[in-house]
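Before any comments, here is the structure.
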Amino acid sequence: MDREGEAITDLRVVRYPHPTLRYRSKPIRRVDSEFRAMVGRMFELMYEDHGIGLAANQVDLPYRFFIINLSGDPSQKDEEFVFINPEIIAKKGSEEDKEGCLSLPGITAVVRRSAEIEISAYDLKGDEIHWRLKGLFARAFQHEYDHLDGTLFIDRLTSTRRWAVTDQVEELASDYAGRLTAGTEPKEQEVLQRLARLEALRV
Ligand code: ZN
């Protein structure tokens, strides 16, 4: 199996505080059949965990893209969107709503986000997208976009709301430390070496 093959089959959703969740992902320059297979696997993982969005960092990949299906329903293929090298061009207003994250299972909190956004990105066909989003779509886009810069929704909470989830966040950190000790999570240096190798393939 070559290294790229390894990257596809090894995909799993990583949990806080895995180092890749803090990694600033890099724009990709190549969309090919292998990339599309990677995206397909991400949709499977997202549906398994009952998510509506998943960023590349969350499956331990250093690439600048994410997927969204607001229905969370695998049979609704026309609701599946892939945003490659996305940008937020403009923001308007703000609103608060509850969010969760597959990398911080069990934790939800109210987050303030822009109410409307104007975005650009490339889709899987390589066509440029230029959309205005609002409501849940705008929220999901901003949440996933943050992931690509290594930002998590818990970083955007007011201090009171952050305090309210501190115990749960610390529990995740403690679970992670346990897996590191047990050798079921790779050490940070190994994670970063792998990301550099994957970047060299596609960035
Ligand atoms: Zn998330």
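Give the number of residues within the stretch 16-50 that are away from the ligand (no atom under 16 Å from the Cβ) and either open to solvent by less than 70 Å² (accessible area, probe 1.4 Å) or in a loop (DSSP other than H, G, I, E, B) (or both).
14
Yes or no, residue by residue, for (1) part of a helix (DSSP H, G or I); (2) more than 30 Å from ARG112 (Cα to Cα); (3) touching a residue at least 60 places away in the same chain (Cβ under 8 Å); (4) open to solvent by less than 70 Å² (accessible area, probe 1.4 Å):
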| site | (1), (2), (3), (4) |
| --- | --- |
| THR151 | no, no, no, yes |
| ASP155 | yes, no, no, no |
| TRP163 | yes, no, no, no |
| GLN168 | yes, no, yes, no |
| GLY178 | yes, yes, no, yes |
| VAL191 | yes, yes, yes, yes |
| LEU198 | yes, yes, yes, yes |
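Got a sec? Which of PHE83, PHE137 is assigned to a helix (DSSP H, G or I), among the aromatic types (Phe, Trp, Tyr) and at pLDDT 95 or above?
After ruling out the rest, the residue left standing is PHE137.
Go over the candidates LEU124, LEU136, LEU102, LEU70 one by one and state the one that is under 11 Å from the mean Cα position of the chain (by Cα) and surrounded by fewer than 21 Cβ atoms within 10 Å (Cβ to Cβ).
Checking each option against the conditions leaves just LEU102.
Could you list all residues from the stretch 51-80 that are farther than 20 Å from LEU157 by Cβ, in a strand (DSSP E or B) and within 15 Å of the ligand (Cβ to nearest atom)?
LEU54, PHE65, PHE66, ILE67, ILE68
Limited to the stretch 123-160, what total is found for residues that are away from the ligand (no atom under 16 Å from the Cβ) and farther than 19 Å from ILE88 by Cα?
4
Is it true that VAL110 is touching a helix residue (DSSP H, G or I) at 6+ places or on another chain (Cβ under 7 Å), more than 12 Å from the ligand (Cβ to nearest atom) and touching a residue at least 40 places away in the same chain (Cβ under 8 Å)?
yes
The values are calculated or read from the model by the stated rules, or taken from the named source; none is laboratory data. Quick caveat, the model's predicted, so the values are computed rather than measured. With ideal geometry, Cβ positions are generated from the backbone for all residues, glycine too; neighbour counts draw on all protein chains shown. Only protein heavy atoms, including side chains, enter the accessible area calculation; ligands, DNA and RNA are left aside. Shrake-Rupley method; radii C 1.70, N 1.55, O 1.52, S 1.80 Å.
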